[in-house]
Amino acid sequence: MDKTKFIEWFVGFTDGEENFMIGSDTRGKFTRFNFRFMIGLHIDDKPLLDFIQNNLGVGIVNTNKENTVSYFIISDTSVLKSVLIPIFDQFSLNTSKYLDYLSFKEALLLELPHFSKTEIRLNHINKILNLKKNMNKTRIVFDLAFKHIKITPFWLLGFIEAEGSFFLRRNT
């Protein structure tokens, strides 16, 4: 699979399976934030996460201690900015995950001033916390402009592989 087809597939798969997360640490003198992109799958699908990691050339693949779930994780902010952001800026997510991505990206790119006035720093912290509050399961606004949506065959394949299921119903 060539790089463009892989990226389109990856974006479709991401639309179905990923999670953008913003963590906050208020211990110590300053509030710190950590950013994470994660895909979690059943342990049987770990080779797929290895495939994603190998094709992107970044991230780590871990397994939980119960050996039931595997995770593909990118938490290095420089990698998130240099690899992941360009992918999703060029090949847009099509579901409500797009809204989570926009909040995640805005928070990630918002630099917290370390040596500026406390009021400015608190404004930045509050902005990131508000972005975090309206992501993933806590999202309450789902206004999605459809102009960005682009469904390609490889996006659709990735999305179906993430979200699809097949069943057979027999009437006996």
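Miscellaneous remarks
- Taking all pairs of distinct alpha-carbon atoms in the chain, Kirkwood radius in angstrom: 17.6 Å
- Taking T172, T31, T77, T68 and counting other C-beta atoms within 10 Å, the order from fewest to most: T172, T68, T77, T31
- Gained length - T4 relative to L129, 0.36 nm times residue gap less alpha-carbon distance: 41.6 nm
- Put a dot 7 Å past the Cα of D50, heading toward its Cβ, do the same for T172, and the two dots end up 3.9 nm apart.
- If the segment from T77 to E106 were pulled out straight at 0.36 nm per residue, it would be longer than the present Cα-Cα gap by 9.2 nm.
- Computed from label points 7 Å out along Cα-Cβ, the spacing between H148 and M38 is 2.3 nm.
- With helices as the sole contributors, the chain gives -13000 deg cm²/dmol at 222 nm; each DSSP H run of n ≥ 4 counts as -39500 (n - 2.57), and the sum is divided by every residue.
- Across K29/K132; K46/K105; K46/K150, pairs whose alpha-carbon gap is larger than 24 Å: K46/K105; K46/K150
Here, each number is a calculation from the coordinates, and none is a lab measurement. Just so you know, these numbers come straight off a predicted model, no measurement behind them. When we count neighbours, we look across all protein chains shown, and the Cβ atoms used for this are built from the backbone with ideal geometry, even at glycine.
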